[in-house]
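The structure under discussion appears below in the form of structure tokens.
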Amino acid sequence: MQSPTEENYLKCIYKLSLKVEKKLSTNAIAQAMCTSAASVSDMLKRLDEKKLIKHEPYKGVTLTNNGRKSALITIRKHRLWELYLVNKMNFGWHEVHELAEQLEHIQSDALIDRINKLLGNPMYDPHGDPIPDCNGEICYKEYLPLRDAAIGNYKLVGVKNHDPNFLKYLSERKLTIGSLIQLVAIDEMGKCIHIKISGLSKLLLLSHEVATGLLIEKVK
């Protein structure tokens, strides 16, 4: 069993490892965790002793199989809690991250299993991110940013930007996971796109920056 701090480190290392192919440096982890390199070194030593990571001085850090599974189980709990808070307690999707950060450290498999069953064994959280299974396995899909799409019909399936202000901005414009979108026009000079959301009459103008943060899939 890991402490909440150890779980946070393993989760951080896992997420960083998705962005880079090489082994992670102490400084990269320190920056992501907003702490000192010395504090990171102490934690890496502890995680190495528990065989949750492999730390080679001057070479970098990688997760062991056990470390990866632990990280994904924490992510599973986090994403299930987010979905529970949105679906069952009526929180907005922009409100749940910090709450889930606290709840993910509850050490009760029975509780998580019941939440999972109550939610109908979901595959995705409120932001469209995949939920790992109880064995720490996860399935990723590659989705197209709306910014790179051609004229046509799409469904919003995820967001790359989880900033609460960005999510609130989307909610205010009725853009949520599952929204059906018609990409009507692309204005490269004005650096924006025009879309129509199913069920709404007015066209919506989105900047390229916003459109880059929206993940979609093609629909007929």
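Note down the magnitude of the dipole of the chain about its Cα centre, charges +1 on Lys and Arg C-beta and -1 on Asp and Glu C-beta and zero elsewhere, to the nearest 20 debye.
380
With a cut-off of 8 Å between alpha carbons and a minimum separation of six or more residues, what is the relative contact order of region 1-85 in percent?
With pairs under 8 Å counted, the relative contact order is 32 percent.
Only four residue types carry charge here, +1 at the Cβ of Lys and Arg and -1 at the Cβ of Asp and Glu. Report the dipole size of region 107-146 about the Cα centre in Debye, rounded to the nearest 20.
I would put it at about 160 debye.
How would GLU217, GLU56 rank on accessible area, largest to smallest, probe 1.4 Å?
Greatest to least solvent exposure: GLU217, GLU56.
Of the residues GLN102, GLN182, GLN31, which exhibits the maximal mean-square fluctuation in a Gaussian network model of the chain defined by a 10 Å Cα contact cut-off?
Residue with maximal mean-square fluctuation among GLN102, GLN182, GLN31: GLN31.
Please compute the per residue accessible area over the chain with all protein chains in place, 1.4 Å probe, rounded to a whole number of Å².
58
With all pairs of different alpha carbon atoms counted, what Kirkwood hydrodynamic radius in Å does region 104-183 show?
Evaluated on region 104-183, it is 14.8 Å.
Would you list MET43, MET189 from the most to the least accessible area, probe 1.4 Å?
Most to least solvent-accessible, the answer reads MET189, MET43.
Of all the accessible heavy-atom surface of the chain, with the other protein chains kept in place and a 1.4 Å probe, what percent is carbon and sulfur?
52
With the calculation restricted to Cα positions, what are the radius of gyration and Dmax of the chain in angstrom?
19.5, 60
If each Cα of region 1-91 is one equal point scatterer, what is log10 of I(q)/I(0) from the Debye formula at q = 0.21 Å⁻¹?
-0.96
Which trypsin sites (Lys or Arg not before Pro) in region 60-90 sit in a loop by DSSP (not H, G, I, E or B) and have at most 15 other Cβ atoms within 10 Å of their own Cβ?
Passing sites in region 60-90 are LYS88.
On a 1.4 Å probe surface of the protein chains, which of THR64, THR176, THR74 comes out largest in accessible area, and what is the full order?
Heavy-atom accessible area, descending, gives THR176, THR64, THR74.
Find how much the distance from ASN27 to VAL219 grows on full extension, using 0.36 nm per residue of separation minus their present alpha carbon separation; answer in nm with one decimal.
Once the chain is fully extended between ASN27 and VAL219, it gains 64.8 nm.
Based on a Kirkwood Rh over C-alpha pairs, give the Stokes-Einstein translational diffusion coefficient of region 17-143 at 10 °C and viscosity 1.306 mPa s in µm²/s.
99
About its Cα centre, what dipole magnitude does region 42-145 give when the only charges are +1 on Lys and Arg Cβ and -1 on Asp and Glu Cβ, stated in debye to the nearest 20?
The calculation lands at about 360 debye.
At LYS174 and LYS51, where each label point lies 7 Å from the Cα along Cα→Cβ, what is the point-to-point distance in nanometres?
5.7
Would you work out which of ASN116, PRO126, VAL86 lies farthest towards the positive end of the dipole of region 61-144, given +1 charges on the beta-carbon of Lys and Arg and -1 on that of Asp and Glu, about the Cα centre?
Result: ASN116.
Dividing the Cα convex hull volume of region 146-208 by residue count, how many Å³ per residue is that?
Each residue corresponds to 86 Å³ of Cα convex hull volume.
Once you've got the GNM for the chain with C-alpha springs shorter than 10 Å, pick whichever of ILE151, ILE13, ILE53 has the biggest mean-square fluctuation.
Highest fluctuation of the listed residues: ILE151.
Find me the longest stretch of the chain that has none of the exposed chymotrypsin sites (Phe, Trp or Tyr not before Pro), where exposed means in a DSSP loop (not H, G, I, E or B) with at most 10 other Cβ atoms within 10 Å.
In the chain, the maximal stretch lacking such sites is 59-139.
Just to confirm the filter: which trypsin sites (Lys or Arg not before Pro) across region 111-143 are DSSP coil and have at most 15 other Cβ within 10 angstrom of their Cβ?
The qualifying sites are LYS141.
The values are calculated or read from the model by the stated rules, or taken from the named source; none is laboratory data. These numbers come from a predicted model, not from an experiment. Cβ sites come from the backbone with ideal geometry, for glycine too, and all protein chains shown count toward neighbours. For the accessible areas, the whole protein counts, side chains as well, though only heavy atoms, and no ligand, DNA or RNA atoms are used. Shrake-Rupley method; radii C 1.70, N 1.55, O 1.52, S 1.80 Å.
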